[in-house]
Amino acid sequence: MAEFSGVVVYRKDYRERDMLVKILTDRFGFKMFFIRGARKRGFRLSAAILPFTKATYVGTINDEGLSFISAVKEAGQYQAICQDIVLNAYAAYILGLAEAAFNDGHPLNEWYQKIERAISLIDQGLDAAIVTNIVEVQLLGRFGVKPNLKDCVICHQEATVYDFSESYGGLLCQKHWHLDPRRLHLDRRTIYFLRLFSKVDLMRLGSIKIKDETKDRLRLTMNQIYRNDVGVNIKAKKFLDDIKEWPQSVLNDDK
């Protein structure tokens with residue numbers, strides 16, 4: 001038996017009365033748990049296996065196949081995320097990215113605290129888009145894509161004006177722009193925040209405010225990098241992109 005903390009990622013029905021529950025655990029990474037009788041009325045662990053629940057569990061962890069939960073010591077839901085379809089999607093996207101970046105059963109180590117912190121910040125009211133961008137930038141290295149956001153990739157000199165080159169894997173100072181006609185042509189504020197996001201400490205993040213125009217540019221930039229250089233397809237991301245086209249009245253009605 002092992003005791004561990006975890007965040008419920010998703011669950012799905014299995015057979016007639018059971019469920020499979022994916023949990024991001026602090027010690028064992030992403031694990032799939034078989035929960036016998038989870039669909040029966042009055043099931044004693046029902047609150048602890050709801051999506052976006054953080055809890056301390058006791059159970060059996062198997063290296064191969066399914067694991068099992070036998071008891072829960074304490075559990076609580078991320079209430080704001082559970083009640084808001086947009087925040088829900090951001091949290092699902094972050095968890096989906098982390099799941100794509102780490103193999104099942106592979107401990108996340110410090111990344112467990114980062115992911116849990118990111119979800120907590122969103123639940124506490126910090127701008128979900130910004131928190132998500134920070135996670136996106138910092139997770140790139142896990143996908144084998146770690147752009148140089150410190151200085152120019154060619155001359156390694158600090159500059160006041162940069163652009164981003166996918167071909168060269170990072171920043172180009174102005175005198176080397178000619179090397180990549182297909183550079184992203186990003187404005188200074190977008191570059192500034194990309195560089196900031198690459199080094200900001202999520203565990204110490206208090207608040208950060210960015211204009212909507214810059215947030216949109218950051219979203220499109222990260223979309224392009226993940227589409228072209230990473231190639232992961234997270235279902236919640238498509239939803240987040242789609243809702244940008246929704247009338248504001250629809251989003252307000254949902255809250």
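Observations on the model:
- Single condition V8 does not satisfy, out of (1) at positive phi; (2) buried (at least 21 other Cβ atoms within 10 Å of the Cβ): (1)
- Any pair with Cβ under 8 angstrom, 6 or more apart, that starts in segment 166-190 at a residue that is touching a residue at least 24 places away in the same chain (Cβ under 8 Å) and part of a helix (DSSP H, G or I) and ends at one that is surrounded by 17 or more Cβ atoms within 10 Å (Cβ to Cβ) and polar (S, T, N, Q): L179/S165; T190/T221
- Just so you know, in segment 11-20 the residues that are in contact with a strand residue (DSSP E or B) (Cβ under 8 Å, 6 or more places away or on another chain) and not hydroxyl-bearing (S, T, Y) include one that is surrounded by the fewest Cβ atoms within 10 Å (Cβ to Cβ), and it is K12.
- Hey, D201 of a type outside the set (G, A, S) and within 20 Å of the chain's Cα centre (by Cα) or not: yes
- Members of segment 8-35 that are within 18 Å of N62 (Cα to Cα) and modelled with pLDDT under 95: none
- Any hit, segment 58-65, residues being under 25 Å from Q138 (Cα atoms) and either part of a loop (DSSP other than H, G, I, E, B) or not hydrophobic (A, V, I, L, M, F, W, C) (or both): no
- Segment 7-64, residues that are aromatic (F, W, Y) and under 30 Å from L121 (Cβ atoms): Y10, F28, F30, F33, F52, Y57
- Among the residues making up segment 47-67, those that are exposed (fewer than 15 other Cβ atoms within 10 Å of the Cβ) and either assigned by TED's automatic domain parsing to the domain that holds G96 or over 23 Å from I94 (Cβ atoms) (or both) are V58, T60, D63, E64, G65, L66.
- Residue in segment 114-135 that is in the same structural domain as L196 (by TED's automatic domain parsing), touching a Pro at 6+ places or on another chain (Cβ under 9 Å) and crowded, with 17+ Cβ neighbours inside 10 Å present: no
- Contact map, segment 207-234: first residue in the same structural domain as N88 (by TED's automatic domain parsing) and closer than 18 Å to R142 by Cβ, second residue in a helix (DSSP H, G or I) and aromatic (F, W, Y), Cβ cut-off under 9 Å, separation 6 or more or different chains; pairs are Y226/F143; D229/F143; V230/F143; G231/F143; V232/F143; V232/Y226; I234/Y93; I234/Y226.
- For A47, the conditions (1) touching a residue at least 24 places away in the same chain (Cβ under 8 Å); (2) within 30 Å of G144 (Cα to Cα) are fulfilled apart from (2).
- Test result for Y93, under 18 Å from V21 (Cα atoms) and part of a strand (DSSP E or B): no
- Candidates I115, I154, I122 - the one that is part of a loop (DSSP other than H, G, I, E, B) and modelled with pLDDT of 95 or more: I154
- Whether a residue is assigned to a loop (DSSP other than H, G, I, E, B) and crowded, with 17+ Cβ neighbours inside 10 Å was assessed, and L149 does not pass this test.
- Single condition A71 does not satisfy, out of (1) surrounded by fewer than 17 Cβ atoms within 10 Å (Cβ to Cβ); (2) aliphatic (A, V, I, L, M); (3) within 21 Å of K237 (Cβ to Cβ): (3)
The values are calculated or read from the model by the stated rules, or taken from the named source; none is laboratory data. Computed from a predicted model, the values in this text were never measured in an experiment. Every residue, glycine as well, gets a Cβ built from its backbone with ideal geometry; the counts of neighbours run over all protein chains shown.
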